[in-house]
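The values are calculated or read from the model by the stated rules, or taken from the named source; none is laboratory data. What you are looking at is a predicted structure, and each value in this text was computed from that prediction instead of being measured. Every residue, glycine as well, gets a Cβ built from its backbone with ideal geometry; the counts of neighbours run over all protein chains shown. Heads up: the accessible areas ignore ligands, DNA and RNA and are worked out on the full protein's heavy atoms, side chains in. Shrake-Rupley method; radii C 1.70, N 1.55, O 1.52, S 1.80 Å.
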Amino acid sequence: MGILSDLFLAEPRDAPSYESLQSSGKLPAGRFERVQFKGLTDLNFGILWAFLEGQEWDIKTHVLEEVAMGKGGETWLFQFPRPLVAKLGVLDRSGVVRAAEFWAQTEELMCDPSEIEPVVAELVRLAQIAASSTKGLFLWGSL
């Protein structure tokens, strides 16, 4: 099945309940706006962040904020830091294409840019919503 990678918007106080609501099938649509992908981890998003800043990836700088880690590390929940949300939110169409071209060539992904471009486009859309609200952008993942 691979790694499940859900990107979603939520009030920070609501985000920790995402996993239980999602697994029970009782996820309230108005409370969590989400998109689902596969195979992406917090490391992937940290590498993208470094690219957006024109820097080399740094483990101390380009990391998502850990919110929760499931038993045995089989699930995880991270919040995208506001500086990363801001960088994503200002990408235009050409920025999305450039980011996808870079990201696709990273050792961690090694895919065609057309495969990852929809992820970047959704990140931009969610980041723009998050930037104009009190909601945060989160990554929930599961093995």
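Out of the residues in the stretch 22-46 that are aliphatic (A, V, I, L, M) and farther than 17 Å from residue 122 by Cβ, state the one that is surrounded by the fewest Cβ atoms within 10 Å (Cβ to Cβ). Step through it out loud before you land on a result.
First, the residues of the stretch 22-46 that are aliphatic (A, V, I, L, M): 27, 29, 35, 40, 43.
Now drop any that are not farther than 17 Å from residue 122 by Cβ, which leaves 27, 43.
On the way: 27: 17, 43: 15.
Selected residue: 43.
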>> Considering only residues that are within 20 Å of residue 119 (Cα to Cα), modelled with pLDDT under 95 and aliphatic (A, V, I, L, M), which ones fall in the stretch 1-25?
In response: 1
> Among (1) closer than 20 Å to residue 138 by Cα; (2) modelled with pLDDT of 95 or more, where does residue 95 come up short?
Replying inline: (1)
>> Looking only at the stretch 61-79, filter to residues that are part of a strand (DSSP E or B), in contact with a helix residue (DSSP H, G or I) (Cβ under 7 Å, 6 or more places away or on another chain) and aliphatic (A, V, I, L, M); which one of those is most open to solvent (accessible area, probe 1.4 Å)?
In response: 67
> (1) part of a loop (DSSP other than H, G, I, E, B); (2) open to solvent by 50 Å² or more (accessible area, probe 1.4 Å): which one isn't true of residue 2, the others all being true?
Replying inline: (2)
> Going through the stretch 80-101 one residue at a time, which ones are assigned to a helix (DSSP H, G or I) and either of a type outside the set (A, V, I, L, M, F, W, C) or open to solvent by 70 Å² or more (accessible area, probe 1.4 Å) (or both)?
Replying inline: 82, 83, 87, 89, 93, 94, 95, 98, 101
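Can you work out which of the residues in the stretch 10-21 that are open to solvent by 50 Å² or more (accessible area, probe 1.4 Å) and in a helix (DSSP H, G or I) is nearest to residue 74 (Cα to Cα)?
Filtering the stretch 10-21 for residues open to solvent by 50 Å² or more (accessible area, probe 1.4 Å) gives 12-13, 16, 19-20.
Applying the additional criterion that residues be in a helix (DSSP H, G or I) yields 16, 19-20.
Working: 16: 15, 19: 12, 20: 14 Å.
If we take residues in the stretch 10-21 being open to solvent by 50 Å² or more (accessible area, probe 1.4 Å) and in a helix (DSSP H, G or I), then 19 is nearest to residue 74 (Cα to Cα).
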> What is the one condition in (1) on the phi < 0 side of the Ramachandran plot; (2) in contact (Cβ under 8 Å) with a residue 24 or more places away in the chain that residue 63 does not satisfy?
Replying inline: (2)
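What about residue 46, is it touching a residue at least 12 places away in the same chain (Cβ under 8 Å), closer than 22 Å to residue 135 by Cβ, in contact with a His (Cβ under 8 Å, 6 or more places away or on another chain) and of a type outside the set (Ser, Thr, Tyr)? Working first, answer last.
On the way: touching a residue at least 12 places away in the same chain (Cβ under 8 Å): yes; closer than 22 Å to residue 135 by Cβ: yes; in contact with a His (Cβ under 8 Å, 6 or more places away or on another chain): yes; of a type outside the set (Ser, Thr, Tyr): yes.
Considered against the rule, which asks whether it is touching a residue at least 12 places away in the same chain (Cβ under 8 Å), closer than 22 Å to residue 135 by Cβ, in contact with a His (Cβ under 8 Å, 6 or more places away or on another chain) and of a type outside the set (Ser, Thr, Tyr), residue 46 comes out as yes.
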